[in-house]
Amino acid sequence: MSVVRLPEGFFLGAAMSGAQTEGAYAVGGKLESLWDTWSDLDIGSFTNKVGSYVGNDFYHCYEADIDLLKGLGLTSFRTSIQWSRLLDRDGQVNPEGAAFYHRLFAYARKAGLEPFVTLYHFDMPTYLYRRGGWESRDVVEAYASYARKAFAEFGQEVRYWFTFNEPIVEPENRYLTGEWYPHVRDFQRCRTCQYDISLAHSLGVWEYRRAKEAGVVRADSRIGLVSSFAPAYTRDDPSEADLAALRMSDGISNRWWLDLVTKGSLPEDVMDEFASTGVELGIRPGDDEILSRGVVDWLGCNYYQPNRVQAPARPTGDDGQPIFADPYVWPDRVMNESRGWEIYPKGLYDFGLKIRDEYPDLEWYVSENGIGIEGEDANRGADGLIADDYRVDFVAGHLAWLVRAVSEGSRCRGYHYWAVIDNWSWNHAFKNRYGFVEVDLAHGYERRPKASAAWLRDVTRTREFEWEGAE
């Protein structure tokens, strides 16, 4: 057992999103989002038929939730503005939607919690999806307009802005695996969306820079991107084909975004590989200049599991889509069986050293990390608390490896846990619970701390914790 001490100035906070917490889907002039549309079309696709409508009722509970986070000793939280709440169908500011976010940010400041604000977290307004969504350059331009209006509305209230959350996840879930509506499996459409989101991000950063030059946003503000980074690994005795699979997996999921936010360009080897397999991204003259504006001040890293790959058994699937890598099952893996994800805390350390060595000027923070468990009510003790020692073990292990990366020169500034308060999670709804605080769906979304909350409160107070793990 060793004692892990958090670095000086290292912040601890909570991560959430507007679409997964706010609810109030038809309140205050909010437009229909694609999640609302899917919920209306096929509520059976959602666990226990819990669609997008209520979230965890943060819209009505935000004051109590901010107080709860503050009571746990946290100093910041990340959420998102919903495009469908802030703007109306004509692309103008919806006064009722803006008023909600003004109230939220004001209350957070009063409570001493710094809001980190993401502009887009998978919640495409349905009317824009029907105009082509991320396959449409018109929607890319609409995003830039949305960002410009958000900066103008809240520029003096928000210090930390982020253009997108996990910009690779929505294209892959909607257009590669087909898990999310509209349930399409088309590699080219997926990568076109990925490319267009890269352009939208870059235009969003440009709008921020212009706003800062004009004094519209705070002089001490920063702009970033939040992306999901799964460090890529292959077998211990790799073949050349395994290494090629590793390179492409890392290139598509990690280097694509790391190069964009540090160099203002996309990795040439990935673009060349796409071109050689006939993937057309709809590149236009002038796109390089747009992408060059995508360099950020810092980066958010969402980390849940590693990405273990090996050479594909065949270059294309039955549907003709290219395959660059197959999954590799590591013999020593430890699984979260509820979610089907490998638990590998050292991945944060490896990612931290990758940033240190390959992108040495880049500051970053862990913008999401958490463990979702199904059926937690079975762990409720006689005292009424859910006994979730596994959550303490998960967070302690990841923080310990993260602190080690910082001690070895990685420029990581803090950690946000997903999600301190249980929230709705896309089509899985409330199947897997992540929180240090439970949300009781049967009793008016009542919040109740789990046993792990006492551990978190102690860590924020003492800035240290005990950990039994690899040195």
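FYI, it's all coordinate maths here, none of it is from the lab. These figures come from a predicted structure and were not determined experimentally. Every residue, glycine among them, receives a Cβ derived from its backbone with ideal geometry; neighbour counts consider all protein chains shown.
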Radius 9 Å from Cβ of Glu22, net charge of other residues (Lys, Arg +1; Asp, Glu -1): +1
Positive-end residue of Leu281, Ala147, Leu299, charge dipole of the chain with Cβ unit charges: Ala147
Order of Glu32, Glu376, Glu268, Glu22 under a 10 Å beta carbon neighbour criterion, fewest first: Glu268, Glu32, Glu376, Glu22
Exposure proxy ranking, count of Cβ atoms within 10 Å, fewest first, for Cys301, Cys61: Cys61, Cys301
Relative packing of 329-336, 454-461, 9-16, 291-298, which averages over residues the other C-beta atoms within 10 Å, highest first: 9-16, 291-298, 454-461, 329-336
Base-10 log of normalised Debye intensity for the chain (one unit scatterer per alpha-carbon) at q = 0.10, 0.13 Å⁻¹: -0.73, -1.33
Spatial separation of Cα centroids for segment 276-333 and segment 116-134, in angstrom: 21 Å
Per-residue Cβ neighbour rank within 10 angstrom, fewest leading, Tyr146, Tyr390: Tyr390, Tyr146
Potential lengthening between Arg185 and Ser45 on full extension [0.36 nm per residue; Cα-Cα distance subtracted]: 48.7 nm
Extension gain (nm, one decimal) between Val329 and Thr462, 0.36 nm per residue minus Cα-Cα: 44.0 nm
Computed label-point distance, nm, for sites Arg314 and Arg413 using a 7 Å Cα→Cβ extension: 4.9 nm
Under 13 Å from Lys263, Cα to Cα: aspartates and glutamates that are on another chain or at least 8 residues apart: Asp288, Glu289, Asp297, Glu358, Asp361
Cβ-derived FRET efficiency at R0 30 Å, Asp357 paired with Glu8, nearest 0.05: 0.80
Highest to lowest packing among 48-58, 356-366, scored as the average C-beta count within 10 Å: 48-58, 356-366
Sum of -39500 (n - 2.57) over DSSP H runs of 4+, divided by residues of the chain (222 nm, nearest 500): -11500 deg cm²/dmol
Cα-only Debye scattering, segment 52-98: base-10 log of I(q)/I(0) at q = 0.28 Å⁻¹: -1.06
Filter on Lys30/Lys149; Lys70/Lys110; Lys346/Lys450; Lys70/Lys450; Lys110/Lys212; Lys149/Lys212 - keep pairs with C-alpha separation over 18 Å: Lys346/Lys450; Lys110/Lys212
